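Working notes for the structure below.
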Amino acid sequence: RQLDAELTARSAAEALHAESQTHVAKLESKNARLAEELQIEAQAAKETFEELAQEHSDLDRIHTQLVTAHERLRERHARAIASTQAWLSELQQTATRQQEELDDLRELPA
């Protein structure tokens, strides 16, 4: 009787062991699949990061070019304003001088 009980217990233990081995094998398979998926996602993330880093570099270069162009335009604008102001001042002086000459001519005896 004791031998039968031991054999039954051993048989149950072996069945549980076999079941746990099957479960472990399934978990290992699932783990391998998930590891592969993670590797694929990591590679995709790396490629996306590299693309974004390149795009950032390109945008930074373009930004620098635009800042330089903006500075040149600002300087040209300042020169154009100064030139226009000088021209207007000269025009005003010429108008005043011509008005004075005209006034002087009107004062001459006829």
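Which one of the conditions (1) open to solvent by less than 100 Å² (accessible area, probe 1.4 Å); (2) more than 51 Å from the chain's Cα centre (by Cα) does Asp60 fail to meet, given that it meets all the rest?
(2)
Looking at region 79-95, which of its residues are open to solvent by 100 Å² or more (accessible area, probe 1.4 Å) and either in contact (Cβ under 8 Å) with a residue 24 or more places away in the chain or of a type in the set (S, T, N, Q) (or both)?
Gln85, Gln92, Gln93, listed by residue number.
Looking at region 33-45, is at least one residue open to solvent by less than 100 Å² (accessible area, probe 1.4 Å), part of a helix (DSSP H, G or I), among the β-branched types (Val, Ile, Thr) and modelled with pLDDT of 95 or more? So that I can check it myself, show each step before the final result.
Step one: list which residues in region 33-45 are open to solvent by less than 100 Å² (accessible area, probe 1.4 Å), which gives 34-35, 37, 42-45.
Restricting the remaining residues to those that are part of a helix (DSSP H, G or I) gives 34-35, 37, 42-45.
Retained after the next criterion (residues that are among the β-branched types (Val, Ile, Thr)): none.
There is no residue in region 33-45 that is open to solvent by less than 100 Å² (accessible area, probe 1.4 Å), part of a helix (DSSP H, G or I), among the β-branched types (Val, Ile, Thr) and modelled with pLDDT of 95 or more.
The values are calculated or read from the model by the stated rules, or taken from the named source; none is laboratory data. On a predicted model such as this, the values are computed, not experimentally measured, just so you know. Positions of Cβ are backbone-derived with ideal geometry, glycine not excepted, and every protein chain shown enters the neighbour counts. We work out accessible area using only protein heavy atoms, side chains counted, and drop any ligands, DNA or RNA first. Shrake-Rupley method; radii C 1.70, N 1.55, O 1.52, S 1.80 Å.
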